[in-house]
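Reading through the structure tokens given below for one structure.
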Amino acid sequence: MEFADNIIVVILGYLVLEINAACAGSFIKVFLQFVQELKKKYSWEIWVVKLNDGEKTVLIVDDNETVLLALEFNLQSSGYRVLKASEGKQALQIALSEHPDVIVSDIAMPEMDGIELCRRLRENPEFSEMPFIFLTAHGEPEERVRGLKTGADDYVVKPFDIEELITRIDILYEKVRKRTVSEKLAGMLEEISIPDILQILEQTGKEGIIRVTIGNREGLIRIKQGMVTECRYGDLEGEDAFVEFIRAQRGTFAFQPETVEITDSARPISFMLMEAARLLDEYEAVSSYIPDNDALVSIDTVPETDDPDTERIIRLLDNRALSVDSLYQNAGLSRIRTAIALGSLIRNGVAKTARNGQVSPEKTTVKADERKEGFRVRPFKILFLFCEENSAIETLNQILDTFNEKKLDKIKSGVADFVSAHILGQPVHIFTLLGKQGFEFLYEPLIPSSDAVLYLLTSEVEVKEYRHFRERLETIMRKPCFPITTAVVNLQEEDLYIMNTPDDISSLFLKIFSGIQGGFSSCNKSQLEERNET
């Protein structure tokens with residue numbers, strides 16, 4: 001069915017309505033009546049999700065014009081589209097036609113008061129979960145109870161702090177949005193990506209299956225208790241399938257709640273997202289060196305490396321040539337890990353490719369004596385833990401500036417993101433995460449695969465958080481851990497590294513790299529010596 005620019009699309013049994021914002025007000029009222037008739041006639045389960053390009057709408061209702069203007073200005077500054085009404089009847093008509101995301105209403109008003117407005121809206125199933133906040137000049141307990149019994153979500157007494165009210169509106173908006181999306185989640189990947197979907201389901205603790213269709217291929221992700229238990233896409237499974245989902249920018253998805261069994265291969269969602277981001281970054285760096293599936297690959301000399309993926313490929317190629325497709329089938333790794341290891345070997349001149357007996361000369365540019373010296377395919381992986389975001393950004397930028405790397409405007413603490421840089425000639429991935437108590441679920445999955453940990457301290461309070469982390473670190477796995485600070489304060493902590501100058505920063509990273517077995521060569525150390533001489 002098509003209504004001008006408004007299109008109704010059926011996706012995997014779900015009826016999804018995309019509303020053109022220009023005519024949403026008049027169209028939605030007619031369409032909702034149509035939906036109710038479908039429900040009655042066919043007993044269909046139907047819900048409507050409003051897609052409005054991320055615009056949040058709040059309806060404010062108050063007979064005081066000053067209050068309306070003040071709230072309108074501040075809410076618009078906070079990113080909301082604001083609708084206004086001076087009494088309950090007018091507000092009811094606006095709510096039915098515009099479907100705001102949140103309603104903030106005074107109680108004492110002419111014509112229809114806020115209590116009656118809330119009651120009338122709650123009688124309508126379409127508004128049963130819409131966030132509703134009462135404003136009132138009366139703060140007596142019985143008045144609050146009367147308002148909350150009507151179905152309101154919150155109660156704010158005048159005079160109120162506008163910033164606090166906006167925060168309450170934000171919290172209710174996010175709470176309902178996540179609940180609606182997680183319970184009735186279906187739509188297009190252009191609107192919401194797989195990482196966003198997974199993080200919403202992780203935060204809400206949902207269990208079930210995400211079914212994904214990309215082009216003519218279908219796949220699924222099973223999740224339980226914040227864990228990915230299974231992942232399939234076409235003929236791909238596990239990590240390879242997950243990476244393809246993360247890369248997807250077009251397609252459709254639908255979440256189906258159902259019981260899921262925990263498997264031995266289950267991994268935390270946050271860990272899977274970060275690993276996928278890291279793998280895609282490494283793949284991008286070597287993608288131009290990865291040959292076609294039917295190309296033959298061989299090596300002349302066996303380099304030293306501590307990367308287990310690379311070691312697998314080297315063992316397979318010891319004294320023989322194999323096709324790329326054969327490596328994919330026999331490496332015992334996911335295809336993307338095999339491709340990264342192979343592309344890195346070819347880029348570094350360790351492996352060479354041939355077709356019809358002809359060796360590709362452009363793949364053998366590194367001299368034989370350079371292959372062993374400092375050879376390392378996998379970038380160093382460093383966890384950068386902190387308690388305060390602004391200090392973390394400032395410290396990271398000091399590090400990046402020391403090594404002439406691009407500075408950051410912000411960091412993402414706890415999502416699939418990391419800082420990629422070259423430090424003393426060594427590729428490094430720095431994962432930025434909160435190190436406070438209660439955030440163990442973020443950093444603990446990354447510790448086993450990390451080479452070292454930096455923990456930023458700027459106050460005595462953060463020292464307590466750091467000591468808690470060290471205790472957790474001892475129970476998981478011993479890893480090199482370096483408490484650092486740039487603050488001019490007297491922090492009582494052993495082995496605290498002061499990072500106030502470029503030399504301080506360079507010396508610390510030399511110590512970190514030198515302590516990682518086989519990962520830092522004399523040629524890297526010479527860069528520091530040359531820098532200090534300069």
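The values are calculated or read from the model by the stated rules, or taken from the named source; none is laboratory data. Bear in mind that the values here come from a model prediction, so they are computed numbers and not experimental data. In this analysis, Cβ positions are derived from the backbone assuming ideal geometry, glycine residues included, and neighbour counts consider all displayed protein chains. Surface areas here come from the heavy atoms of the whole protein model, side chains and all, with no ligands, DNA or RNA. Shrake-Rupley method; radii C 1.70, N 1.55, O 1.52, S 1.80 Å.
A quick yes/no check of all residues on (1) farther than 19 Å from Glu230 by Cα; (2) open to solvent by 30 Å² or more (accessible area, probe 1.4 Å); (3) charged (D, E, K, R); (4) at pLDDT below 90:
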| residue | (1), (2), (3), (4) |
| --- | --- |
| Pro257 | no, yes, no, yes |
| Ile262 | no, yes, no, yes |
| Leu280 | yes, yes, no, yes |
| Glu284 | yes, yes, yes, yes |
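Cβ-Cβ distances below 7 Å connect the following pairs, each with a first residue in the stretch 113-126 that is under 22 Å from Ala137 (Cα atoms), a second residue that is part of a helix (DSSP H, G or I) and basic (Lys, Arg), and a separation of six or more residues or different chains: Ile115/Arg146. Scanning the stretch 127-148 for residues that are more than 21 Å from Glu87 (Cα to Cα) and not in a loop (DSSP other than H, G, I, E, B), which turns out modelled with the lowest pLDDT? Among those that are more than 21 Å from Glu87 (Cα to Cα) and not in a loop (DSSP other than H, G, I, E, B), it is Pro141. Between Arg335, Arg320, the distinction of being open to solvent by 30 Å² or more (accessible area, probe 1.4 Å) and at pLDDT below 90 belongs to Arg320 only.
Taking the criterion of being closer than 20 Å to Glu261 by Cα, modelled with pLDDT of 80 or more and not in a helix (DSSP H, G or I), the residues of the stretch 191-211 that qualify are Lys206, Glu207, Gly208, Ile209, Ile210, Arg211. Is it the case that some residue within the stretch 291-313 is closer than 30 Å to Thr432 by Cβ, polar (S, T, N, Q) and out of contact with any strand residue (DSSP E or B) (no Cβ under 7 Å at 6 or more places or on another chain)? Checking the stretch 291-313: at least one residue is closer than 30 Å to Thr432 by Cβ, polar (S, T, N, Q) and out of contact with any strand residue (DSSP E or B) (no Cβ under 7 Å at 6 or more places or on another chain). Here Val243 qualifies as within 15 Å of the chain's Cα centre (by Cα), at pLDDT 90 or above and open to solvent by less than 30 Å² (accessible area, probe 1.4 Å).
Take Arg232 and decide whether it is free of Cβ contacts under 8 Å to residues at least 40 places away in the same chain, part of a strand (DSSP E or B) and of a type in the set (Lys, Arg). Spelling it out, Arg232 is indeed free of Cβ contacts under 8 Å to residues at least 40 places away in the same chain, part of a strand (DSSP E or B) and of a type in the set (Lys, Arg). Restricting the search to helices (runs of 4 or more DSSP H) fully inside the stretch 361-451 and requiring at least 1 residues that are modelled with pLDDT under 75 gives 368-372, 440-443.
Can you tell me which residues in the stretch 338-359 are in contact with a Lys or Arg (Cβ under 7 Å, 6 or more places away or on another chain), open to solvent by 10 Å² or more (accessible area, probe 1.4 Å) and assigned to a loop (DSSP other than H, G, I, E, B)? Within the stretch 338-359, Asn348 is the sole residue that qualifies.
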